[in-house]
Amino acid sequence: MPIFNVMEEIVRNALMEHMEQLRLPCTCERCIDDVMALSLNHLPPKYIVNEGASPIVRAYYTADRQGAANIISILFQSAETVSKNQRCSNRVD
């Protein structure tokens, strides 16, 4: 069974939920992936080997208001960094 980082799922869900508020100048796959990668580099991984545990770990982070706020804060910081340093072909100079 493969190892899975549940934090990726948590961050992706938060990113999609707050996409409009992030005000990214570009929402191409490259820019979204850059925001995801930068965010995940600043958050602790939560690895599981049993996919059945994924909802439990997600619920824990949803219930933990400080943890959820930290994820959103990091997402906003990452979005700002990516916005200022776009690496995609849609970049406006």
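Assorted remarks:
- Considering the chain, the qualifying helices (runs of 4 or more DSSP H), each wholly inside and each with 2 or more residues that are touching a Lys or Arg at 6+ places or on another chain (Cβ under 6 Å), run over 6-17.
- Residue count, segment 10-26 (criterion: at positive phi and either at pLDDT 95 or above or open to solvent by less than 100 Å² (accessible area, probe 1.4 Å) (or both)): 0
- So residue 3, is it surrounded by fewer than 14 Cβ atoms within 10 Å (Cβ to Cβ), in contact with a Phe, Trp or Tyr (Cβ under 6 Å, 6 or more places away or on another chain) and either of a type outside the set (Lys, Arg) or touching a residue at least 40 places away in the same chain (Cβ under 8 Å) (or both): yes
- Scan of segment 4-53 for residues that are β-branched (Val, Ile, Thr) and more than 18 Å from residue 87 (Cβ to Cβ), ordered by number: 6, 10, 11, 48, 49
One line per residue, one yes/no per condition, for (1) of a type in the set (Phe, Trp, Tyr); (2) in contact with a strand residue (DSSP E or B) (Cβ under 7 Å, 6 or more places away or on another chain); (3) farther than 24 Å from residue 24 by Cα; (4) open to solvent by less than 80 Å² (accessible area, probe 1.4 Å):
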site: 42; (1), (2), (3), (4): no, no, no, no
site: 53; (1), (2), (3), (4): no, no, yes, yes
site: 59; (1), (2), (3), (4): no, no, yes, yes
site: 66; (1), (2), (3), (4): no, no, yes, no
site: 87; (1), (2), (3), (4): no, no, no, no
site: 90; (1), (2), (3), (4): no, no, no, no
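- Test result for residue 74, free of Cβ contacts under 8 Å to residues at least 24 places away in the same chain and not acidic (Asp, Glu): no
The values are calculated or read from the model by the stated rules, or taken from the named source; none is laboratory data. Because the structure is predicted, anything quoted here is derived from the model rather than measured. No Cβ is skipped: glycine too gets one built from the backbone with ideal geometry, and neighbour counts run over all protein chains shown. Note: accessible area is taken over every heavy atom of the protein model, side chains too, but ligands, DNA and RNA are not part of it. Shrake-Rupley method; radii C 1.70, N 1.55, O 1.52, S 1.80 Å.
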